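Below you'll find the structure, written out as structure tokens, and then a few comments.
Nothing in this text is a laboratory measurement; each read-out follows from the coordinates by a stated rule. Predicted, not measured: the structure shown is a model, and the values here were computed from it. Cβ: placed from backbone, ideal geometry, glycine included. Neighbour counts: every protein chain shown.
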Amino acid sequence: MDKMPRWADIILVPFINLVLAFFVAGLVVLAIGQNPFDMIYFMIKGALGSTSGIGFTLYYATNYMFAGLAVAIAFHARMFNIGGEGQAGIGGIGVTLVLLAVDWPHWTIALPAAIIGGAIFGAAWAAIPAYLQAKRGSHIVVTTIMFNFIAAALLGYLLNGILKSPLSQNAESLGFPPGAHLPTAHEVLAPLGIAFSKSAPLNISFLLALFCAWGLWMLLWRTRLGYEIRAFGHNEKAATYAGISAVRVTIIAMLISGALAGMLAINVVMGEQERLIAGFVEGAGFVGIAVALMGRSHPFGIVLAALLFGMLTQGGFELLWEMPAISKEMVLVIQALIILFTGALDNMVREPLERLFIRMRKAQS
Amino acid sequence: MDGANTAGRPETGAPAIELVGISKAFGPVQANKDISISVERGAVHGIIGENGAGKSTLMSILYGFYKADAGEIYISGQKTEIPDSQAAIAAGIGMVFQHFKLIDNFSVLENVVLGAEDGPMLKGSLVKARKTLTSLAEEYELDVDPDALIEDLSVGHQQRVEILKALYRQADILILDEPTGVLTPAEADHLFRILRNLKAEGKTIILITHKLREIMDITDTVSVMRRGEMMSTVKTSETSPEDLAERMVGRKVLLSVDKKPPTIGDTVLKIDNLRVVDDVGVERVKGISLEVRAGEILGIAGVSGNGQSQLLSVLGGYMNATGSITLNGQAIDLSGKNSDGQSRRARGIAHVPEDRQSEGLVMDFMAWENIVFGYHHDLAYQKNRLLMDNAAIRADTEAKMERFDVRPPHPRLQAKNFSGGNQQKIVLAREIERNPDLLLVGQPTRGVDIGAIEFIHQQIVELRDQGKAILLVSVELEEIMSLADRIAVMFDGHIMGERDPAKTDERDLGLLMAGVNEQQGAA
């Protein structure tokens, strides 16, 4: 028998967490002499108050979905892939090489090719730590962290060397051919008579991320491979008893994880910047860890968590603009508090609530 | 330790321990319901009950691990609060846990003194402890070398150290939780001699066990617990094992296994000179040879940790070995790609592992996910090349749950929410229903309640009667003796000898388990 009804588990607990987080964040804002209600107002307005705001929110959410899904699949195999940042960066190289190689006639052809490029490069970057974990027992947390630094350095090296655009002063590649341009929300919605901001970078990759979430759900709960990954993640010893190969599961789960992280580059590199720029991941790979934690490693939860984090990111930028007294660091504090309450302090709310439900059930019977 | 009864504790005629109306709930589960018992000074009092009956909770309350929701504790007639184990020790209560709480790389002396030092410097305490230990050893047959390291001691000796620890802290009341679970029969006999000596000195002993024979052997009074309630307390001399079993389960129970003589066929499993080296390079199985034929149950007896687990792991396909094993005359791989669990299952070997919670089941998986565990590649469970047919699996689960009387019969319930007996039935249903040529069974009834034991034994015998070969590993001698058609005893990685269950007894097997073969001389 479950301790709580499902709706309480999925909706009530996160909601109370959020309220608590905003309450404490409000206290912090109050302490620096600002109005906490203004803070909440500007954050929400900034994230959802205009099609531009929504466009940016969903654009960030797309990144967080890819990164969160990448962390989640590894979690299910009881591995902590902290290397999403680096895998996404290397995925960007894959996307760039594919898109610069051919003068693509149309995005419908360029996109599948770019997905393959990004996924393979991301997976390859994850494959090395995966192999070291499976065969040599080197802890995946340590190796993936180190691979983030290598990836960042490699990206910087390439963008100052052979990939550098001769037309630019900056560490960036040549622009992609116009045929590789992904439709933006503005372009997709305009023929339908819906006016959407031209400036927002939201593009078709958002749908790709949603599709990946569905695909991951199917993989985990409908296929043999997903069954084996989950069995291995829950109980490694039992998995061995059942004849499930630890090496195989470890490596495959990490390859999928790396591929998902690599696809993040589709959104940023192909969808928004249309060229490769050093440091383009901008920490989204790390945010993915919090997204996966908050979404309880369930694809549906991750989509919701990614939307929330998208709102936080976009709302945070707006807050900086609207309330100059709130610094960049303060925005980080607010975001961190939300992560703290929703992820790390989850049991603080969950356990008393479970007891409450049990008591209520007892009182009824 | 001059005089076990320290000054300050009243010497009255009051019971040594009296519990009045103890209740304890964990969330919705009422682990103890209004429990009252009274144990006379100098008595050996047994507490029996099935798993989850609330015995351990009750003792944890007495030792200060849990706080009761309601009720009172009287020690020697005085109302006593026991908020933590320090208070329990101060009240004269000593506890010997099922899993010892010893520090392996400390000496016996250091373990005894630990937590009961007289001051910041150790020397004085150690000298005093050495003297006490010597006198205790003489008094109660509790002899252990005070300078030996715990890791070098046998399990039986380690248990004596636990008892010494309690006595050194001047315990008047000794609680032992399943003390014989890890002992050979000879060690258990020695333990009981110690307990009788302690009793003669006026100590009060509470013995928690599920073994009816021990209760009959040593206790003066016995309390039966069922589902958190104290069902009855009776004088041991006025009861019988059948009567106790019935009180525990709430219905009549068949204690012995009802089986026909075996119809033995061809050799199914043949093991020749099998050697197993574990992860840390220790040889655990040292060249054993065995045969199991169709229609028979070969029971492997032995104290746990003598290589039986490794034998099962090799046969089950998750440990490498050297030597040779044939199944129905054909060799099976002992290392490499075709030696994993999948290959074994494909060859018709089913395996009910020793530890269902860490091996046989994924506790967070639902029953229907567990019922295909290891067989999830089976074509019957696939919808197409990509997807599993979850609906078909659930239907299959429902049928198997009904046939094996798994309660509650809900395929969507997580394995961890079933009782031990029902978890074991899920594993058995999965393995037996595959109709294997060879069934490996490890500790089939460990932590399983008496009612389910009866059912599980019947299922195993039924499979035997269908002409299948069964290899049974159990540390419960009674189980081996009643189920097996042939008994092999393992000791230190060797087979010490084989016996016909009809022509042997516990003493003979006990000696083999301790490494002595009277028919061939010592090993």
Residue mean of other protein chain beta carbons inside 10 Å, B:22-28: 2
Antiparallel DSSP beta bridges within region B:380-523, percent to nearest 5: 60
Computed E for A:Glu282/B:Ala87 - FRET, C-beta separation, R0 56 angstrom, nearest 0.05: 0.45
By average C-beta atoms within 10 angstrom, highest first, the peptides B:213-223, A:186-196, B:323-333: B:213-223, B:323-333, A:186-196
Potential lengthening between B:Ser232 and B:Arg412 on full extension [0.36 nm per residue; Cα-Cα distance subtracted]: 61.1 nm
222 nm mean residue ellipticity, helices alone, for chain B (DSSP H n ≥ 4; -39,500 (n - 2.57); rounded to 500): -9000 deg cm²/dmol
Cα-based shape type of region B:410-461, given that a ≥ b ≥ c are square roots of the gyration tensor eigenvalues and the cut on a/c is 1.5: oblate
Cα shape, chain B, gyration tensor, a/c 1.5 rule: prolate
Label-reachable residues, region A:9-49, where backbone N falls under 19 Å from a point 7 Å from A:Leu192's Cα toward its Cβ: A:48-49
Rounded to 5, the percent of DSSP beta bridges in chain B classed as antiparallel: 55
Relative contact order (%) - criterion: Cα under 8 Å, at least six apart; region: chain B: 14
Antiparallel %, DSSP beta bridges [both residues in the protein assembly as shown], to 5: 60
Paramagnetic reach from B:Glu478 (point 7 Å along Cα→Cβ, amide N under 17 Å) across region B:429-456: B:443-456
Segments B:150-156, B:291-297 sorted - mean Cβ within 10 Å per residue, highest first: B:291-297, B:150-156
Under 19 Å from B:Lys286, Cα to Cα: aspartates and glutamates that are on another chain or at least 8 residues apart: B:Asp272, B:Asp278, B:Asp333, B:Asp492, B:Glu498
Nitroxide proxy distance, nm - points 7 Å out along Cα→Cβ at B:Ala186 and B:Val277: 3.1
Distance between modelled label sites at B:Leu114 and B:Asp500, nm, 7 Å Cα→Cβ extension: 5.0
Hydrodynamic radius of the protein assembly as shown per Kirkwood, over alpha carbon pairs, in Å: 31.8
Residues listed by number, region A:104-141, amide nitrogen under 15 Å from A:Leu207 label point at 7 Å toward C-beta: A:107-112
Average partner coverage of B:383-395, which counts Cβ from other chains inside 10 Å: 2
Exceeding the 25 Å Cα-Cα cut-off - candidates B:Lys211/B:Lys400; A:Lys362/B:Lys67; B:Lys199/B:Lys235; A:Lys237/B:Lys55; B:Lys24/B:Lys235; A:Lys135/B:Lys270: B:Lys211/B:Lys400; A:Lys237/B:Lys55; B:Lys24/B:Lys235; A:Lys135/B:Lys270
Relative contact order (%) - criterion: Cα under 8 Å, at least six apart; region: region B:50-132: 18
R0 of 35 Å, Cβ-Cβ distance B:Asp258-B:Asp34: FRET efficiency to nearest 0.05: 0.40
Size-normalised alpha-carbon gyration radius of region A:306-365, reference 2.2 N^0.38 Å: 1.68
Stretchable slack from A:Ala344 to A:Tyr157, in nm (0.36 nm times residue separation minus alpha-carbon distance): 63.6 nm
With Cα atoms, 0 to 90° folded angle of helix B:185-200 axis to chain B main axis: 20
Helical mean residue ellipticity (222 nm; -39500 (n - 2.57) per DSSP H run of 4+; nearest 500) of chain A: -22500 deg cm²/dmol
Dipole magnitude of region B:235-383, debye to nearest 20 (Cβ charges: Lys/Arg +1, Asp/Glu -1, about Cα centre): 300
Volume of the Cα convex hull of region A:183-256, divided per residue and given in Å³: 109
Distance between modelled label sites at B:Asp355 and B:Asn197, nm, 7 Å Cα→Cβ extension: 3.4
Shielding by partners, peptide B:367-378 (average Cβ within 10 angstrom, other chains): 3
Efficiency of FRET between B:Asp465 and B:Asp217 - r from beta-carbon atoms, R0 30 angstrom, step 0.05: 0.35
Between helix B:450-465 and chain B: long-axis angle, C-alpha atoms, 0 to 90°, nearest 10: 30
Burial ranking of peptide ranges B:337-347, B:99-109 (average Cβ count within 10 Å, highest at the top): B:337-347, B:99-109
Tilt relative to chain B, helix B:420-432 - C-alpha long axis, 0 to 90 degrees, to 10: 20
